C-alpha cells in the first residue's frame, strides 16, 4: 500500500515519494491499525498471521473466532455450546451482537521487509457462527476410551495432526484449513493423504490415537458431499466394505491379544498397512488364523468374539475389496478406530470386549 522503492511502483515518470499511493498521515493510520490488529486480534498460522475484526465491535466472549482457536482452554463443550447459543439467540431475535454485523479476516505474512496479504475472507456474523458450529460438528469423534466424544480441538491441533512436528507445517496448508473452516469448504484430498500417512506411522509405532486427526478424516467425508453415513461413534450398519474391513481388523487384533497376551509386534503392527491397502489378500489369512486364537479362549469369551466377527462378516459378505484407494483407506481407518473405541467402552463397563488394544 505504501511501497514505492521498486521500479514496478513507478508510473508517469514519478519516483520515490512522488509516486506514493497515499499520504503520510493515511499511511500512518494504516500502520497503526494493522499493528493494533496484530497485537489484539491475531492468530499465528505457521509463519503467517490472521488478523480479524468486525464491522460493529463485539465482546471477546462473543467472538466466534476465539471459539475456533481456543476451545480446550474452556470448560469441555463450551466452544460449541457458545456458538449454538449465539445462533439460537439470533434466530429468536435476541441478538447478542449488533444487527447486520460483518466479519473480516485477513492472512498476512512478511516478505522482504513488507507485509503481504495472502488471503481475505469476509461475511456476515451469522454465517461465521454457523460455519464454526458446523466445523466442530464435522470434527466430532468418539474419544479413545469410547465413553464420550473427544474434546473439541484447537484449530492448530487440527493442523498439527497431519504433521510429525507442528514446526514443519507449511503456511499454505494452515491457511487452506483456515479457509475451509471459515468458508465451509471441502477439505482437500492432499491434506487427508497427509493425515493418513501420520495415522499409519503412529499406529505402527504404537502411539495413542490422535483425536483431531480422526475427526479431520471424518470431516473430510461430510464436507465432500454425498451420503457417507458419517457418525462420531461406531456405525455397525455402514454400507461401505472398506469401513467394515477396518472393523474386522480391530476385532481380529483384539482376539489375538485376548488369546496370546502381549506378543510385541501383533496383528496391527505387522499387517495394518497391507490390510488397509489390499484387504482381499490380507484379511482372509488373518480370518483363517483366528480359529486358532478362538480355541485358546474360554467358552464365553470365545463365543463373544465369534459372534462379533460373524456380525462383521455378514455385512461384508463376499465384498472384500482387492485394493483400496485413499478414500477407502480413510474409511478403513475410521472403522478400525471406532471399533476399537467401542470395544474399550465395553471393557470399561465390565463386558466381555477386547482385552486390550493400542493404548
- [ ] Could you list the residues of the stretch 14-44 with an amide nitrogen less than 14 Å from a label point located 7 Å from the Cα of residue 117 in the Cα-to-C-beta direction?
- [x] 30-31, 34
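Please compute the length gained on full extension between residue 273 and residue 206, using 0.36 nm multiplied by the number of residues separating them and subtracting their Cα-Cα distance. Provide the component values of the computation, followed by the final result.
Numbers: separation 67, 0.36 × 67 = 24.12 nm, distance 1.35 nm.
The span from residue 273 to residue 206 would gain 22.8 nm if fully extended.
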Open item on the list: Per 0.36 nm of contour for each residue apart, how much would the distance between residue 179 and residue 18 grow if the chain were fully extended, relative to their Cα-Cα spacing?
Closed with: 54.2 nm
Task: Förster radius 51 Å - calculated FRET efficiency between residue 295 and residue 53, Cβ distance, rounded to 0.05 - done: 0.15
Task: Over the stretch 238-359, relative contact order from alpha-carbon pairs under 8 Å, at least 6 apart, % - done: 47
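No lab work stands behind these numbers, since they all come straight from the coordinates. No experiment lies behind these values; they were computed from the predicted model shown. Ideal geometry is used to build each Cβ from the backbone, glycine not excepted, and the neighbour counts take in all protein chains shown.
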